[in-house]
Amino acid sequence: LARQSAIPLELPIDPSRAVHYLERAGLLAGRSGAFAEARAYLQSAITLAPVEEHLRLYEQLGDAIPNSNSAIDAYRKARECWLRTTGQDPPVGMRLLRKLLIESLRLHPWATDTALSKKELAELLTEAQRLAEAVGNEDERWRVRIADLLWLYWRGDLTPEEVNAGRGVAMAAAAYFEARENWAALSEALDAYTFLSWMVDAWDDALAASR
């Protein structure tokens, strides 16, 4: 309200404290499944925070409201912030790009006017593969493979042999992440397996993976 005033007002509070508690409230709301509240808290934090904190807050926003077009938009904005940073820390860029791709490809990638195009998705996947090799993080390599498998489903121009090879990679990824108790990545791998199973009418396999 003070920022909307016709006359600038000096407030007896530290804005950084407001940002801290709005961010915390947003993360807790997201973990509770209160996604509308999580989005409102974190958007308010972004409004108050200095520009150098926007990358972190947009990533937190995407994490707090998963499986939504709003999350895709948040990760896209976080990545735009990263692209403007000096030095462009590769592990951060890799993580943001992977989250953007996985979130886009688990939903319908062309469901909204602001969605990534097929050309953009293909280019981002190539960039993700390059970054994953540069970073040298095995978890990120596997998660980029999962993104590539989800992309195969949306491409659709595959032979049954290619689909079944992809299903094998998806199950290998699932085993890798299950052994590490990384349940979010395990879920992504099983989604990829389910998608590809649909393509070869392996309905029982798809149902078992979904369960």
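The values are calculated or read from the model by the stated rules, or taken from the named source; none is laboratory data. Predicted model, so just to flag it, every value in this text is computed and none were measured. Every residue, glycine as well, gets a Cβ built from its backbone with ideal geometry; the counts of neighbours run over all protein chains shown. Ligands, DNA and RNA are excluded from the accessible area calculation, which covers all protein heavy atoms including side chains. Shrake-Rupley method; radii C 1.70, N 1.55, O 1.52, S 1.80 Å.
A few notes on this one:
- Cα→Cβ-extended label distance, 7 Å offset, between Arg211 and Glu123, nm: 4.4
- Normalised by the number of residues in the chain, the average gap of Cα pairs under 8 Å and 6 or more apart makes the relative contact order 12 percent.
- Prolate/oblate/rounded call for the stretch 140-211, Cα gyration tensor, a/c under 1.5 rounded: oblate
- Separation of alpha-carbon centers, the stretch 152-193 and the stretch 54-106, rounded to whole Å: 22
- Residue-count net charge about Ala147 - beta-carbon cut-off 12 Å; Lys, Arg +1, Asp, Glu -1: 0
- Per residue, in Å², the accessible surface of the chain once ligands and nucleic acids are set aside, probe 1.4 Å: 55
- Spacing of the modelled spin labels on Trp198 and Ser5, each 7 Å from Cα toward Cβ, amounts to 5.4 nm.
- Helix 54-64 vs. the chain, principal-axis angle (Cα, 0 to 90°, nearest 10): 50
- Here the chain exposes an accessible surface that is 53 percent carbon and sulfur, computed with a 1.4 Å probe and the other protein chains kept in place.
- Inter-label distance, nm, simple model (7 Å from Cα along the C-beta direction), Asn67/Ala40: 2.3
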